[in-house]
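Below is one structure, written out as structure tokens, with a few remarks after it.
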Amino acid sequence: MQWQDRRLLDLFGIDHPILQAPMAGVTSPQMAIATSEAGALGSIAGAMLSLDGLRQEFQLVKQGTSRPFNVNFFVHKRPTVDDARDAAWRRKLAGYYSELSVAADAKGPSRAAFDGAACELVLEFKPKVASFHFGLPDKSLMQRLKAAGILVIASATTAEEARWLEGEGVDAVIAQGAEAGGHRGMFLTHDVSRQPGTMALVPQVVDAVKVPVIAAGGIGDGRGIAAALALGAAGAQIGTAFMLAPEARTGALHREALKKANDNSTTLTNVFTGRPARGIVNRIVSEMGPMSAEAPAFPLAAEATQPLRGPAETRGSTDFTPLWSGQAPTLAREMPAGELVKTMVRETGAVLDRMRR
């Protein structure tokens, strides 16, 4: 496949303008290796890993491929704990705790933000790309990454956010449409109801910035990639389509939910973590949300909801599992990640050939 737009290929040193989304809890070193070996940009996710866990993933990827890959982090600011709000949230969850025999003060793990220690680890392993969600890290950390020759990219959910990111020195912008699964990358706005979809967002971001734009949200096959390129994007970031790959860490119950889902199965909800994120509607989303004004700020809400997940899943239930998914779950395919990349490249080529006729 000969790509006419080589901006991402030359920037990242890859063969195809496809990025495997760094889905925390789903991606694995094996997925990143397979994706990168197929000529796309594989990714690992640091948002839910300890430093030791991240080191292990870096080591595995480095051992498995010499091709470029990406590591992703959240860059949220840890909020001040509001004891009254936390207590009120736990009171709303009390019936679930009782139903599942979970201690009322049980606390799940939190999500770590990118910091100096994580930066040291990135500088040690030197991935080709470091990507960020919810904005960018402190300027001093950004400068260290850039000085080491590591490319920095980040998510924007509006053209305003894209312009801000470009002004801070990113090498490319991920334009994340409202269709995307998982957490919204929004950081300059809090009104999720006004978030544009991918088709509306991408051309406006392309017009707003000079750096390459990567389309994300609702893209799961060659048709979507070709559409993104037609809108002026230099490439596409794809997540949900990889979630049924054997290399994915997607749990068995989550896989079954994805297979049963359709175009109207998902919603944006904050009940799991305190930040808007797209996932398949389940019991807790229906009963507590989808958007709850009472949910503590990210990531504090997750510390209260996470303890419900394990006991429910033991009973075969996804009532309390965050079933992250974009709006195109039916495009997810049960095939190895590398084969999926090659299939999407062929599909894109076929679409582009038809468009040229």
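Summary of computed values
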| item | result |
| --- | --- |
| 28 Å tail of the calculated P(r), the chain, as % of Cα pairs | 40 |
| Positive minus negative residues near VAL209 (Lys, Arg vs Asp, Glu; Cβ under 9 Å) | 0 |
| Whole-percent carbon and sulfur share, accessible surface of region 213-357, 1.4 Å | 49 |
| Listed residues ASP15, ASP83, ASP319, most fluctuating in the chain (Gaussian network, C-alpha, under 10 Å) | ASP83 |
| Protein accessible area in region 60-99, 1.4 Å probe - carbon and sulfur % | 51 |
| Area projected by the alpha carbon convex hull of region 57-165, averaged over all directions, nm² | 10.4 |
| Solvent-accessible area per residue, Å², over the chain with all protein chains present [probe radius 1.4 Å] | 41 |
| Rounded accessible area of LYS77 (nearest 10 Å², 1.4 Å probe) | 150 |
| Of LYS139/LYS342; LYS77/LYS260; LYS62/LYS139; LYS62/LYS107; LYS107/LYS146, pairs whose Cα-Cα distance is over 29 Å | LYS139/LYS342; LYS77/LYS260; LYS62/LYS107; LYS107/LYS146 |
| Per-residue [θ]222 nm for the chain (sum of -39500 (n - 2.57) over DSSP H runs n ≥ 4, rounded to 500) | -12000 deg cm²/dmol |
| Fraction of the pair-distance distribution of region 134-193 above 13 Å, Cα-Cα pairs, percent | 60 |
| Region 206-269 versus region 88-119: alpha-carbon centroid distance in Å | 28 |
| Solvent-free Debye scattering, log10 I(q)/I(0), computed from the Cα coordinates of region 198-305 at q = 0.09, 0.16, 0.18, 0.21 Å⁻¹ | -0.32, -0.91, -1.03, -1.11 |
| Compactness of region 285-351, expressed as Rg and Dmax over alpha-carbon positions, Å | 17.8, 49 |
| Proximal charge balance of MET355 [Cβ under 14 Å; K/R count +1, D/E count -1] | +1 |
| Rg and Dmax of region 103-229, Cα atoms only, in Å | 16.0, 52 |
| Trypsin sites (Lys or Arg not before Pro) restricted to region 288-346 and DSSP loop, no more than 14 other C-beta within 10 Å | ARG315 |
| GNM flexibility winner over the chain from GLN176, GLN143, GLN30 (Cα, springs under 10 Å) | GLN143 |
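The values are calculated or read from the model by the stated rules, or taken from the named source; none is laboratory data. Keep in mind that what you see is a predicted model, and the values were worked out from it rather than measured. No Cβ is skipped: glycine too gets one built from the backbone with ideal geometry, and neighbour counts run over all protein chains shown. Quick note on the areas: whole protein, heavy atoms, side chains included, nothing else; ligands and nucleic acids left out. Shrake-Rupley method; radii C 1.70, N 1.55, O 1.52, S 1.80 Å.
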